[in-house]
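To start, the structure itself, in structure tokens.
The values are calculated or read from the model by the stated rules, or taken from the named source; none is laboratory data. Just so you know, these numbers come straight off a predicted model, no measurement behind them. Cβ: placed from backbone, ideal geometry, glycine included. Neighbour counts: every protein chain shown. Keep in mind that these areas ignore ligands, DNA and RNA; they rest on the heavy atoms of the full protein, side chains included. Shrake-Rupley method; radii C 1.70, N 1.55, O 1.52, S 1.80 Å.
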Amino acid sequence: MTEEAKNVDIVVGPANHLGYSSFQLGGFEFSRDEYFVHIKWPKGKHVMEIDRFLRAMVRDIGWGFFYGWIFFDDVFGTHNHYGTVDIFAGAYDEGCKAAGIDYLETFTSDSVSKGFETISKNWINEGYDPLNAPMETGSPMGEKTRESDKPLLRNFIAAKRMLGLKGDVAVRSDETGHPINRAFADVPVDNPDIEVEPGFEGQLHAINLFDHIARSDVTWNPSISSATRNSLCCVTSEEHMLPVIHGNDRNEWFFQLSDEIHWKVQDKNTGRPRGIIVMKAGDVCAMPADIRHQGFSPKRSMLMVMENASPDLPELYASGKLAPYPIEF
Amino acid sequence: MAVQTRFGSLGSYEKGSIELNDDLKHYAFSNMFEVASKSKPFERVAVAKNIEYVAEVTKVDGASPWYVAPHDEFAIVMDGEIEFNFVKLDPSAAPAGGQGAKQLAGAPNGQKMGKVRGRRGHQVLLPAGAAYQFVSKSPSVAVIQTLLGPVTVERWSDICTL
């Protein structure tokens, strides 16, 4: 955080000829046309495809700004300080910094959350859900029609101990309104067999985790399936491309449970490319704390992410007390 | 077009690739089935490590020793079918602290809690303080979310693509 966090309300401007309002949050101005969002700040401006912008924005809000940096693209994004959030433009892009047009402003998390939600509501039309895979939803392009009345956000669903336990988050099923996704029509839906001796009812537990993932109606939207102390396993179904580039403030681990994802890896601070990782079913890979990564999943796939949610980690990595990679060998 | 979801197995897996202008050790890229295929039965080989937290891959072939941990653990069956047997340890035998699974010297004394049979994709709770055993009629694979402990095997140079 580089300055005192601003607690401000987003300013809503008049609707343009397409019906969409423009917005101002601190020094940032947001407007859209049929295809693009236009972002201005005191020293520069940027243009981005509207689909990508909305897909990134609803995830950023739903995740509570997630761990670390969420790059909407190589220029614009947010950095979570857990209570305050930086909105930045060009602050982690070598070209923008060299040109002197990089900009960063710090807000309270509540200001950014409310502001982004206001923009999303105004700019998302009925029939388009940015959390769905592109083949499963309508288009965000064109003039304003009718605002979507679907819930725009799906918050980061967090099992406290394990999915399906009494009093914990429910496992997805037909009954919860989650049919098997078309891309996982061949995934077995059988349940584990549990035989409990008298007196131990409720103490043994097992679920079909792959069935749970196969029933997710959203993509690139992880939910916690199990937690032991501060170790969280998060599962998610992935299709098309991760609409953000994630720069973590800690190490995390990816487990490819099915199919494959291609990960583009860049230096976190400069955006310089480091290469490509192709993860296939059964592969495990660390995502170090000094990179940003973006996934591309040709077919809907299952991914598990193991996170360490210890609250002191960002400071330990940022200060260099912990190496930005997980293992010395 | 018929859908085909690709899972891996001991008998059929294809490891991906890692091509980076960086030290590949920082990414510790491995494959659970490859690790299991090169492990002795019931070795618990770390494939992920977040400071004190680990994920261990184990090949289950026959009946394993008994284990217990002072915290919850979670096993996901990645290949085959595994039976998980549970025994409630006498309080004097239950671990009072520490972290990670430890192996018991023999079959535990205590009441049988029951059993779970899990197949590919099934996630099984290994409750804190309960002794448990893996049993499989044919080689199977599980990945266990736990903490680094006495039975965790670390051999990163052997399992990672470098």
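Odds and ends about this structure:
- Accessible surface for A:Lys160 stands near 150 Å², nearest 10, in the context of the full protein assembly shown (1.4 Å probe).
- Point-charge dipole on Cβ atoms (K/R +1, D/E -1) for chain A, about Cα centre, debye to 20: 560
- Summed over both chains, the area buried between B and A is near 5800 Å², taken from the accessible surface of protein heavy atoms with a 1.4 Å probe.
- About its Cα centre, the dipole of region A:200-279 is roughly 440 debye, where the only charges are +1 on Lys and Arg Cβ and -1 on Asp and Glu Cβ.
- For region A:11-129, the Kirkwood hydrodynamic radius comes to 14.4 Å, computed from all pairs of different C-alpha atoms.
- Averaged over peptide A:183-194, the number of partner chain Cβ atoms lying within 10 Å of each residue's Cβ comes to 5.
- A dipole drawn for region A:11-129 from +1 and -1 charges on Cβ atoms has a positive end, and of A:Ile70, A:Trp123, A:Trp41 the residue lying farthest that way is A:Trp41.
- Burial annotation for region B:38-74: residues with an accessible-area loss of at least 40 Å² between the isolated chain and the complete set of protein chains, computed on heavy atoms with a 1.4 Å probe, are B:Ala48, B:Lys49, B:Asn50, B:Ile51, B:Tyr53, B:Asp72, B:Phe74.
- Here the Karplus relation 6.51 cos²θ - 1.76 cosθ + 1.60, evaluated at θ = phi - 60°, turns the backbone of region A:41-47 into coupling constants of 9, x, 10, x, 8, 8, 10 Hz, with x for every Gly and Pro.
- Scanning residues 5 or more positions from A:Glu260 or on other chains, those with amide H under 5 Å from its amide H are A:Lys299, with H placed 1.01 Å from N in the peptide plane.
- Note on the protein assembly as shown: Cα-only Rg and Dmax are 23.4, 77 Å.
- The residue list A:Leu163, A:His178, A:Pro134 was ranked by how far each Cα lies along the charge dipole of region A:123-181 toward its positive end, using unit charges on Cβ atoms, and A:Leu163 comes out on top.
- For A:Asp129, the residues whose modelled amide H falls within less than 5 Å of its own, excluding neighbours fewer than 5 places apart on the same chain, are A:Gly138.
- Burial ranking of peptide ranges A:47-53, A:88-94, B:142-148 (average Cβ count within 10 Å, highest at the top): B:142-148, A:88-94, A:47-53
- Selection among A:His293, A:Thr219, A:Pro311 by position relative to the dipole of region A:182-318 gives A:His293 as farthest towards the positive end (Cβ unit charges, Cα centre).
- Counting Cα-Cα pairs of chain B in 10 Å increments starting at 0 gives whole-percent bin shares of 11, 38, 33, 14, 4, 0.
- Pairwise centroid distance, computed over Cα atoms, of region B:40-115 with region A:114-157, Å: 45
- Amide H to amide H distances under 5 Å link B:Gly114 with A:Glu197, B:Phe86, where only residues 5 or more positions off or on other chains count and H is placed in the peptide plane.
- Cα-derived Rg to Rh of region A:115-268, Kirkwood definition: 1.01
- The relative contact order of region B:1-143 comes to 31 percent, based on Cα pairs under 8 Å that sit 6 or more residues apart.
- With 10 Å bins from 0: P(r) over region A:182-318, alpha-carbon pairs, percent: 11, 36, 32, 15, 5, 1, 0
- Across region A:287-293, rounded Karplus estimates of 3J(HN,Hα) from the backbone phi angles (6.51 cos²θ - 1.76 cosθ + 1.60, θ = phi - 60°) give 10, x, 7, 10, 10, 10, 9 Hz, Gly and Pro being marked x.
- Chain A, relative contact order [Cα under 8 Å, separation at least 6], %: 15
- Cross-link pairs exceeding 27 Å in C-alpha to C-alpha distance, out of A:Lys6/A:Lys45; B:Lys115/B:Lys137; A:Lys166/B:Lys49; A:Lys121/A:Lys160; A:Lys299/B:Lys137; A:Lys6/A:Lys268, comprise A:Lys166/B:Lys49; A:Lys121/A:Lys160; A:Lys299/B:Lys137.
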